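Remarks on the structure that follows.
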Amino acid sequence: MSVKLHREGVNIILTLLLILVVINVPIVLFVESKVAWCISGGLSLAAMWLVANFFRSPLRNFKGEREGIVVSSVDGKVVALEEVEETTVLHKRVIQLSVFMSVFNVHANWYPVDGDVESVRYQPGRFRAAYLPKSSSENEHSSVVIRTPGGTRILVCQIAGAIARRIVTYSHPGCHADISDHLGFIKFGSRVDIYLPLDAEIFVKVGDKTVGGITPIARLKEK
């Protein structure tokens, strides 16, 4: 599996690099202590590694059977799996499956199913911790509805967290959704909720780890 730097992180990394150069050059030129050089250099390298690690973008290709299969949109841990009343988009009872991403996870978001994007809606909001239940409805989020080849409508919500303040959604109505393609990106800590039909067969449980674009999380009962 090859890994590259996600395009959403290029400007941030270049800005951080410039800031670190501005900080470290005077230290090297005007501070004689080698200990200070080592501390400054070490902290700078650690900062660069953390940010570059956050914006890594693995190239993934789901190789399993795709018909009726729902794949995790993100890397992270399942924090919610319950029957809820979805009142904003689907307007019916569904299964909510939520995966939380820490700052150490890949933050690219994949499409969970193949199909066609019906609608995309951005909703401004608060910035609660993304693992809290209320973050699904109260936090800044972007909602994407995908209709599968079998006719099932799946809702995917990108939700900002306490640190994340920037949701990027590449989807637009009419575009084709493919499990191997990116739906979007959320910067610095967040979660993704997927709303599934009540008769979907669920493959994961709360606490399970998932890999975006790779881990099957459910099977739809489509004709």
Worksheet item: When you go through (1) modelled with pLDDT of 95 or more; (2) more than 22 Å from residue 169 (Cβ to Cβ) one by one for residue 217, which number turns out not to apply?
Response: (2)
Fill in: Selected residue (only one of 59, 97, 81 is without any contact (Cβ under 8 Å) to a residue 60 or more places away in the chain and not charged (D, E, K, R))
59
Item to complete: Looking for whichever is modelled with pLDDT under 90, touching a helix residue (DSSP H, G or I) at 6+ places or on another chain (Cβ under 9 Å) and basic (Lys, Arg) here; the options are 60, 128. Which one fits?
Response: 128
Practice prompt. Under 8 Å between Cβ atoms, at least 6 apart or on separate chains: pull out the pairs that start in region 143-155 with a residue that is within 17 Å of residue 65 (Cβ to Cβ) and in contact (Cβ under 8 Å) with a residue 12 or more places away in the chain and end on any residue that is among the acidic types (Asp, Glu) and crowded, with 16+ Cβ neighbours inside 10 Å.
Written response: 148/114; 149/114
Discussion item. I'm trying to understand the selection: among the residues of region 103-125, which are at pLDDT 85 or above and open to solvent by 20 Å² or more (accessible area, probe 1.4 Å)?
Written reply: 105, 114, 116, 118, 119, 120, 121, 122
Discussion item. Name the residue that is least open to solvent (accessible area, probe 1.4 Å), counting only residues in region 180-198 that are more than 16 Å from residue 76 (Cβ to Cβ) and at pLDDT 95 or above.
Written reply: 196
Worksheet entry | Tally, over region 134-174, of residues that are of a type in the set (A, V, I, L, M, F, W, C), within 17 Å of residue 186 (Cβ to Cβ) and modelled with pLDDT of 75 or more | 8
Worksheet item: Do we find a residue being of a type in the set (S, T, N, Q), closer than 18 Å to residue 221 by Cα, modelled with pLDDT of 85 or more and within 11 Å of the chain's Cα centre (by Cα) anywhere in region 71-86?
Response: yes
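The values are calculated or read from the model by the stated rules, or taken from the named source; none is laboratory data. Just so you know, these numbers come straight off a predicted model, no measurement behind them. Reconstructed Cβ throughout: ideal geometry from the backbone, glycine too, with neighbour counts over all protein chains shown. To get the accessible areas, we keep the full protein, side chains included, count just its heavy atoms, and leave off ligands, DNA and RNA. Shrake-Rupley method; radii C 1.70, N 1.55, O 1.52, S 1.80 Å.
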